[in-house]
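What follows is a short report on a single structure.
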């Protein structure tokens, strides 16, 4: 799996939220000025070539659907960030959150307590 560009992720979010769609339906989800149909169609075909989408044929038109769930992609993205910026260390990620005061030590202890309760 590869990391999506901002535009690709935007398109995938529409599919994850709305389900299977035709490109014309996808276009309608955008506010004005809407992207050109051909531009969206190119993005969708590329996402299909990369394995994120597939399609069902309805005559000459295609209805696209996701082949990767948002949960699968989010897990992949998190792993990529941890690998790239924290030397594959989830401990390093958590330490950074504590050091940057994004999570307090108290909250971290509460989280550990909840996880320990779940494993019992």
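So in the stretch 1-29, with the set limited to residues that are under 24 Å from residue 79 (Cβ atoms) and assigned to a loop (DSSP other than H, G, I, E, B), which one is modelled with the lowest pLDDT?
1
Tell me the residue from 98, 105, 94 that is in contact (Cβ under 8 Å) with a residue 12 or more places away in the chain, farther than 30 Å from residue 28 by Cβ and not assigned by TED's automatic domain parsing to the domain that holds residue 18, please.
Numbers: 98 fails: in contact (Cβ under 8 Å) with a residue 12 or more places away in the chain; 105 fails: in contact (Cβ under 8 Å) with a residue 12 or more places away in the chain.
Checking each option against the conditions leaves just 94.
One line per residue, one yes/no per condition, for (1) closer than 30 Å to residue 22 by Cα; (2) over 13 Å from the mean Cα position of the chain (by Cα); (3) outside any helix (DSSP H, G or I); (4) modelled with pLDDT of 95 or more:
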| residue | (1), (2), (3), (4) |
| --- | --- |
| 57 | yes, yes, yes, yes |
| 62 | yes, yes, yes, yes |
| 84 | no, yes, no, no |
| 88 | no, yes, yes, no |
| 91 | no, yes, no, no |
| 102 | no, yes, yes, no |
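Select from the stretch 30-57 the residues that are surrounded by 15 or more Cβ atoms within 10 Å (Cβ to Cβ), in contact (Cβ under 8 Å) with a residue 12 or more places away in the chain and farther than 22 Å from residue 76 by Cα and list them in ascending order.
Of everything in the stretch 30-57, those that are surrounded by 15 or more Cβ atoms within 10 Å (Cβ to Cβ), in contact (Cβ under 8 Å) with a residue 12 or more places away in the chain and farther than 22 Å from residue 76 by Cα turn out to be 40, 41.
The values are calculated or read from the model by the stated rules, or taken from the named source; none is laboratory data. All of these numbers come straight from a predicted model, not from anything done at the bench. Quick reminder, even Gly has a Cβ in these numbers, built from the backbone with ideal geometry, and neighbours come from all protein chains shown.
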